[in-house]
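First up is the structure itself, then whatever we jot down about it.
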Amino acid sequence: MNYTASGDRIARNRFKTAEGRFHLHTERTTGLQPFNYQRSTRLTLANLQGGQEEGQWIVFNVGDCINICSYDETNKEPFRALLFNNSTVRTGYPTCHAFMAAKDNVDLLVGLGDGQVMLMSLRAQLQATGYPSKPIVLSTLQPEGVSETIRCTAVAWVPRTDNGLFVAAYSSGNIYVYKKSHLTGEGSGKFLSLGSSSKSQSPSSTIAISGGGINDVAVSPDGRQLAAACRDGALRVIDVSTGTVVGGFCSYYGALLCCAFSPDGKYVATGGEDDLVAVYGLQERYPVVNGEGHRSWVSRVVWDPWAGSEPGTGSRAVLSEQLAPATRIYRLGSAGQDCQLCLWDVQAPGEGDLNSSAAMLAQMSMLGGIKRNGSMANLVSGRGDGPPSAALHDRKASLGKSSGGICPSLPRMDMYIIQPIMEHKIHLEPMSDLLFTEEVVFTVDHTGSIRTWLRPQADGSME
């Protein structure tokens with residue numbers, strides 16, 4: 001069947017892109033929870049090396065539990081279920097989590113709705129007994145001034161740091177930076193417990209954001225910069241070492257809900273309440289692309305490193321050469337509360353050639369931007385159907401003055417707007433997250449229903 005139906009609601013079981021056809025492989029239909037916007041299900045991919053627990057695992061939160069499944073068994077009963085909150089009146093349910101492999105096996109972060117952050121070992125959870133089991137927590141952190149009414153909205157490890165740096169973001173607008181090495185006893189290797197009087201329990205630094213709260217954070221691949229999607233509609237790019245805002249932009253309207261760095265760290269994708277997907281260029285210092293396709297808030301944006309193409313390579317090499325020479329195409333995915341998955345091909349301007357960002361911006365200024373039904377090829381070749389008055393419009397003038405490194409919102413006519421290469425309703429409930437791997441794509445909605453999609457095979461066949 002091509003569709004899954006429930007009452008008058010219909011979701012697709014397959015979709016197609018230039019690479020071929022994706023089709024539904026497995027679906028989790030048990031242990032689901034009623035829709036609750038405050039309890040979005042998130043997905044984390046974990047890879048353990050050595051021991052009986054070796055392999056890939058999917059970590060996801062549903063209700064008051066963190067579930068851990070084998071990579072290829074997300075449709076089955078979780079291998080381990082960790083119950084964090086056994087009271088209906090408390091807010092200690094998991095809201096976010098992150099994994100990064102570590103030699104000491106202290107590799108899992110879990111943020112809670114009551115403001116606590118728990119530092120754990122994934123291997124230890126897998127070795128535990130009982131179902132559901134109580135989480136084995138090595139250290140529990142709750143910054144001073146954070147009460148049960150302040151949610152931890154995002155946690156993230158900072159790569160390429162010797163002392164295990166990680167960050168925790170809060171709905172209050174603060175980001176706390178911790179060093180894992182400072183949370184251990186002096187030379188003992190033991191973790192300090194909650195309530196310890198040691199100053200090591202305190203964050204190494206605090207970044208205060210005057211944006212009315214933070215909805216999501218992402219860390220650059222080199223670990224030097226942090227992106228924060230804020231409730232005031234601003235994306236703030238922050239220098240991790242100094243805590244200063246070094247760039248960003250304002251949404252068209254409404255809060256930003258999610259953000260993600262591109263694999264090479266050159267761009268930050270965002271989604272939010274304006275139903276748009278935006279791509280901010282760190283070098284350009286303003287949004288280089290806006291995507292229209294969703295009909296409701298964008299819950300998650302994720303880059304797909306296996307579907308992009310370098311200049312002159314991949315299935316879209318001809319398209320890349322047609323648009324601009326020596327350019328790269330990035331694949332971006334977005335999950336929306338309209339139950340839709342959208343896939344985008346984002347064209348990166350070539351570095352160091354005349355047909356790069358400056359030239360393309362000049363052409364966009366003359367054409368008044370590219371509209372939803374416009375053609376990127378027409379833009380590059382100098383053809384367009386923009387109104388005559390658009391030729392007099394200076395796009396850069398619309399950027400206005402930057403406030404604290406934040407680029408103001410652009411008028412609609414100045415946005416460089418692209419369409420998704422694929423947009424389909426693939427869930428029956430609002431989507432909350434997606435995860436790309438080399439073999440499959442995982443998608444999940446707010447109820448905890450995980451769908452696994454097989455990628456097209458190299459020979460065009462499907463398993």
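The values are calculated or read from the model by the stated rules, or taken from the named source; none is laboratory data. Keep in mind it's a predicted model, so treat the numbers as computed, not measured. All Cβ positions, glycine included, derive from the backbone under ideal geometry; neighbour counts span all protein chains shown. All accessible areas refer to the heavy atoms of the entire protein, side chains included, with ligands and DNA or RNA removed. Shrake-Rupley method; radii C 1.70, N 1.55, O 1.52, S 1.80 Å.
Let me know the shape class of the stretch 3-153, please: from the alpha-carbon gyration tensor, a ≥ b ≥ c as square roots of the eigenvalues, rounded when a/c is under 1.5, otherwise prolate if a/b is greater than b/c, or oblate. Verdict is oblate for the stretch 3-153.
Greater than 24 Å separation of Cα atoms is the criterion. Which listed pairs, LYS16/LYS266; LYS103/LYS180; LYS76/LYS134; LYS179/LYS266, meet it? In this structure, LYS16/LYS266; LYS179/LYS266 exceed 24 Å between Cα atoms.
Ordered from largest to smallest accessible area (heavy atoms of protein chains, 1.4 Å probe), the residues LYS180, LYS76, LYS266, LYS103 come out as LYS103, LYS76, LYS266, LYS180.
Compared with the alpha-carbon gap, the fully stretched path from LYS103 to ARG90 is longer by 1.2 nm at 0.36 nm per residue. Taken along the Cα-to-beta-carbon direction at a fixed 7 Å, the label points for LEU45 and ARG9 span 2.7 nm. Going by Cα centres, the stretch 242-304 and the stretch 139-164 are how many Å apart? Their Cα centres are 23 Å away from one another. At an R0 of 30 angstrom, the distance between the Cβ atoms of LYS16 and TYR131 translates into a FRET efficiency of 0.15. You can think of it this way: the chain between SER210 and GLU77 has 43.6 nm of extra reach, that is 0.36 nm per residue less the Cα-Cα gap. Taking a ≥ b ≥ c as the square roots of the eigenvalues of the Cα gyration tensor, an a/c ratio of 1.5 or more together with a/b larger than b/c marks the stretch 29-77 as prolate. Taking a ≥ b ≥ c as the square roots of the eigenvalues of the Cα gyration tensor, the stretch 267-309 is classed as oblate, since a/c reaches at least 1.5 and a/b does not exceed b/c. The label-point distance for GLN56 and ASN2, in a model that sets each label 7 Å from Cα toward Cβ, rounds to 2.9 nm.
The residues of the stretch 1-106 have, on average, 53 Å² of accessible surface per residue, using a 1.4 Å probe with all protein chains present.
Here MET413 and ASP239 are evaluated by their C-beta separation; at R0 = 41 Å the FRET efficiency comes out at 0.80. Between THR153 and ALA169, TYR170, SER171, the built amide H atoms are under 5 Å apart, and every one of these is 5 or more places off in sequence or on another chain. Summing Lys and Arg as +1 and Asp and Glu as -1 over all other residues whose Cβ lies under 12 Å from the Cβ of ILE207 gives a net charge of 0. Across the stretch 57-74, computed HN-Hα scalar couplings (Karplus, 6.51 cos²θ - 1.76 cosθ + 1.60, θ = phi - 60°) run 10, 10, 9, 8, 9, 9, x, 9, 10, 9, 9, 10, 10, 5, 3, 9, 9, 5 Hz from first to last residue, x flagging Gly and Pro.
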